Every structure is written in structure tokens, then in C-alpha cells.
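Presented below is the structure to which this report refers.
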Amino acid sequence: MTTHKYRTMGQQFGRRSWAEPWKIKMVEPIRMMSAEERQRALDEAGYNTFLIRSEDVYIDLLTDSGTSAMSDRQWAGLMLGDEAYAGSRNYYHLEEAIRKYYGYRHIVPAHQGRGAEHLISRALIQPGDVIPGNMYFTTTRLHQELAGGTFADVIVDEAHDPSSRSPFKGNVDLDKLKALIEKVGAKKIPYVSLAGTVNMAGGQPVSMANVKALRALCDGYGIPVYLDATRMAENAFFIQEQEEGYRDKSIAEILREFCSYTAGAWMSAKKDNLVNIGGWLAVNDERVAEKARNLVVVYEGLQTYGGMAGRDMEAVAIGIGEMVEDDHIRSRVQQVRYLGQLLLDWEIPIVEPIGGHAIFLNAREFYDHIPQDQFPAQTLAAQLYLDSGVRSMERGVVSAGRDPRTGDHRYPRLELTRLTIPRRVYTQAHMDVVAESVKIVYDARRETKGMNMVYEPEYLRFFQARFRPID
Ligand code: PM9
């Protein structure tokens, strides 16, 4: 996949390719539909890629959430599901894996990430609180708001600039955070909401130096740091590759050290943990754990399954062990980079540096003639589907939603279309097809017009909103 200079052998070729550390044992057929069929499917879906049937999709880059291929060991693990209502043995396997690789003490399972976000938000936030974080994420912020809090963005400025090549664009700006604490008072800040890597910024990592300094700052005010660990193994890869002193540390060691600076984490196991469903909350503070264990029985299920089947918990436990294998995570990020590099070679505007889980097309620059309230990123996702049946996702003004106080659209600086790569699913040839489709849509960009939103749901509108192209 990527090429490395020979180190130990002959220099005659000057390159050595590197491939995925797995081979394919089972396949799922996919097919490309005709242009007319794609047009019909998109019309029916109201130009929202979330509303297209998956059977009508050729290469599905909507999300890396729940779309991973599980390993043979994980599939075998499903057969070991202990479906007892209480005290399933698979819960204890999950607890063991999280304690070993993340290092947290108390584990509360949840049906997926937002279930865990609900628990932590309800356990810690009081009405009127402010929750600082390194850029918002849709479901995370919504749960913080529903619990009565207000999210405050304290990410470094470079994160909002798609052309900044700064290596750790997920970092918290400690001066911004300090100024916020001084302004609202530490008592109003129940925790700092830290995500590694930062999804909405383009999958950008947080450095170890930043989390250490963040912890030191927060300790001074008695504020805990909680981690969105959804793509933290990918974050560990960037630290290993780019941060001084971590080249010889394993992904497992880096992950464990990073988590040690935080008081707990919530997790969408559907990403890094390599499963199709699941999530968890893990904390060190017994009092927080007690609150979460009490809430989980109301909203998710008993504290030893939290909405997951026993077999699902087994698959998560095994997935966590596979996630930290250095070869796995390197091939995962290198595949994302392979796609990104093709696009960069054709001078197509994408967020740089290339992040961990997706290529983010810079729709604002791609369609610089389409105003943001005509949804350039949504338009680009629609055009890609029309061209090739490749499904992507809007991450711009539609995802940002409306300001609950003013009711106006929130206009983020980043207006992006995300090509999200599922783990262990597609080959390099699929990446070539995707890149070529982006190029074709890019070449036709001047003829493309924006869209109007014709239906808007109240919450998380990007999932269900409907659009119509402007004539
Ligand atoms: N992320 C994604 O496609 C799933 C649907 S879009 C809301 O990127 C982070 C950083 C996420 C995330 C989901 C969740 C919620 C929390 N944090 O989808 O509820 O990227 O498992 O996780 C999606 P669940």
C-alpha cells in the first residue's frame, strides 16, 4: 500500500510496498447501479445520503461507525455469548479488556456511544454548566445541552483552518480554556470534554504533551478531564509517528499513557473497537460510576449488559485487543492516506494533514460559488453519489444545526464532505474508484448548483433532513 525505502536489503528497487495485515475469508457482493437508478434513489432520499438504501450504494463511505469487518476470532467469540440477564461472563471479559488497555477502573456498558454520552452528561452536568471541549461533536454536544449545559469550543485555531498542516490540530488551546475558567468560574465547569482524534476537524489528533498540560491545568482548578475515546487508538498512531519520544512505544503503551491523564472515557465501540454495535463508559471515580450504574438501568439495560447482547460484549473485548496491534492501526491510517494522496496529487482541496478515519473534502473551496446556506457539502455528497454510487456524508452547516438560543443556522468555518473509510472492508482498488469519482465531480464543479432544505427535523437534522436542488 505505502512504500518504504529498503533498510536492510538491496537498494535496487528503491521501494517496498506494504499491505494490509489480513486476508479476505468471506465476501459481500456489491454492484454499481445505472445513472438513472442512482438519480431515482437520490430523489427518493431527498438528496440526503443518510436516507439512501444501502443496497443502492456501490462503495459506502458514509461512516466508519459499525461498518468494520470483524475478524474470524471475533466471529468465533459470538458463539461464546453468555446471554444471562445478569452477570454475563462476556461483561467480565469486556471489563478486563478495558482495564488492561485503557486502564480505567469501573465499566458501564451502553448500546453505543451516544448511550454512554447520555450517562456521563446526566451524571455530571447541572443546568447552567459550561462544558469546554476540543471542537463539538454532534451527539456529544446534544447530550450536554439536553442535560442543561452549554458547550464551549476551546480547540486550537488551526483546527478550523483546513489548510493548516499543524500535526496536532486536535489540541486544546490552554489559554482559551484558562480564560473560560476565569470567566465562568471552575464551579460551573463539571469536566473538560476531550476527544481524540477530533472527528469534525478532520480526524485530527491530540498530542501527549497537550493532554499532560491539560491535566496539569485542570488539576489546578479541580476540574476532571473526560475523554471521548471513540478513535483514541488512531490518535495513538499519530503520537507514535510524530511526537518526540514515542517512536519506540507501542500503540498499546501510548493509549494507556494517554488515558492515564483522564478521569474516564465514553466510547462508541463501533469505531476503534472493531464491532458493529456497542459502547461503554469507563471511569475511575466510584461516585461517578455509581451514578452511571444507576442511570444505565433506566435508559440502557442492566449494568452488566447496558443494551448489548453478551455476544456483542465478547466481540468488543476481542476487538479491543486487535485494535491496539501496531500493524492493524498503521494499515488503517495508511489506507486513508492512500486515498488522500491521490486527491492531493490532483489538487483537489481536502483537509490537511490527512486524519485518522476519513478524507474530508473542503466543500467550501470545492464549490466556492455556492453560499453556505445552499449547503455546498451536502451538494457535494449528492453529486458524488450521482456520479458513481459512492456514499459520503455532510459535515458542515447541516451537521452544525441551529443555535438553541437564536434559532439561526450555526455556520461552521469548516464546510466538509467526509469520505469515511470502514476498517478492514475495502481494498486499494476501491480507493482508486472513489478518487476518480471525486475528480470527475471536481472537474464538473462550475456547472453545479446548491440546494434548499425542504424538511428539517428538530434534533440532529443531518440524519433526516431533505433537500431539493436549486434550478
Ligand atoms: N460518530 C460518525 O459517523 C456516527 C454517526 S454521526 C453522529 O462519525 C464521536 C467522536 C463519534 C460518534 C459517532 C459518537 C457517537 C461519539 N463520538 O454513533 O452513538 O464520532 O455510537 O457514537 C459517527 P454512536
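The values are calculated or read from the model by the stated rules, or taken from the named source; none is laboratory data. Computed from a predicted model, the values in this text were never measured in an experiment. Ideal geometry is used to build each Cβ from the backbone, glycine not excepted, and the neighbour counts take in all protein chains shown.
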Check your understanding: When residues of region 87-125 are filtered for being near the ligand (Cβ under 9 Å from one of its atoms) and in a helix (DSSP H, G or I), how many remain?
Key -> 5
Exercise for review: Residue by residue through region 445-463, note down the ones that are in contact (Cβ under 8 Å) with a residue 12 or more places away in the chain and either farther than 24 Å from Phe366 by Cα or away from the ligand (no atom under 16 Å from the Cβ) (or both).
Suggested key: Arg445, Arg446, Thr448, Lys449, Gly450, Met451, Asn452, Met453, Val454, Tyr455, Tyr459, Leu460
Exercise for review: Just give me the residues in region 363-397 being in a loop (DSSP other than H, G, I, E, B) and polar (S, T, N, Q), in sequence order.
Suggested key: Ser392
Review point. Among the residues of region 62-74, is any modelled with pLDDT of 95 or more and farther than 26 Å from Gly310 by Cβ?
Key: yes
**Study point:** Answer from Ala195, Ala229, Ala152, Ala147 - the residue that is without any contact (Cβ under 8 Å) to a residue 40 or more places away in the chain and in contact with a strand residue (DSSP E or B) (Cβ under 8 Å, 6 or more places away or on another chain)
**Key:** Ala152
Exercise for review: Look at Leu142 and say whether it is surrounded by fewer than 18 Cβ atoms within 10 Å (Cβ to Cβ), within 15 Å of the ligand (Cβ to nearest atom) and of a type outside the set (S, T, N, Q).
Suggested key: no
Practice item. Considering each of Ile348, Ile370 in turn, give the residue that is touching a residue at least 40 places away in the same chain (Cβ under 8 Å), within 20 Å of Leu62 (Cβ to Cβ) and more than 16 Å from the ligand (Cβ to nearest atom). Key: Ile348
Practice item. Find the residue count for region 398-435, including only residues that are over 25 Å from Ser164 (Cα atoms) and outside any loop (DSSP other than H, G, I, E, B). Key: 7
Revision key, fill the gap. Per the filter on region 321-366, residues over 21 Å from Tyr426 (Cα atoms) and of a type in the set (A, V, I, L, M, F, W, C) are Trp346, Ile348, Val351, Ala363, Phe366
Exercise for review: Return yes when Gly128 is part of a loop (DSSP other than H, G, I, E, B), under 17 Å from Ile354 (Cα atoms) and not hydrophobic (A, V, I, L, M, F, W, C) and no when it is not.
Suggested key: no
Study note, to complete from the structure: Picking from Tyr261, Tyr305, Tyr246, the residue that is of a type in the set (Phe, Trp, Tyr), closer than 22 Å to Gly77 by Cα and away from the ligand (no atom under 15 Å from the Cβ) would be Tyr305
**Study point:** Whichever residue in region 397-420 is out of contact with any helix residue (DSSP H, G or I) (no Cβ under 6 Å at 6 or more places or on another chain) and either more than 16 Å from the ligand (Cβ to nearest atom) or basic (Lys, Arg) (or both) and, among such residues, is farthest from Asp153 (Cα to Cα)
**Key:** Arg418
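Residues checked against (1) in contact with a Gly (Cβ under 9 Å, 6 or more places away or on another chain); (2) within 15 Å of the ligand (Cβ to nearest atom); (3) modelled with pLDDT of 95 or more:
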position	(1), (2), (3)
Leu146	no, yes, yes
Gly149	yes, no, yes
Glu182	no, no, yes
Ala209	no, no, yes
Leu217	no, no, yes
Revision key, fill the gap. Taking region 226-270 and the residues there that are among the β-branched types (Val, Ile, Thr) and under 17 Å from Asn171 (Cβ atoms), the one that is surrounded by the fewest Cβ atoms within 10 Å (Cβ to Cβ) would be Ile254
Review point. Of the residues that make up region 167-176, is at least one farther than 24 Å from Ala400 by Cβ, buried (at least 16 other Cβ atoms within 10 Å of the Cβ) and either modelled with pLDDT under 95 or of a type in the set (A, V, I, L, M, F, W, C) (or both)?
Key: yes
Review point. Which of the residues spanning region 220-265 are touching a His at 6+ places or on another chain (Cβ under 9 Å), under 27 Å from Val425 (Cα atoms) and not aliphatic (A, V, I, L, M)?
Key: Arg231, Glu234
Check your understanding: Got a sec? Which of Arg141, Arg114 is under 16 Å from Tyr299 (Cα atoms) and at pLDDT 95 or above?
Key -> Arg114
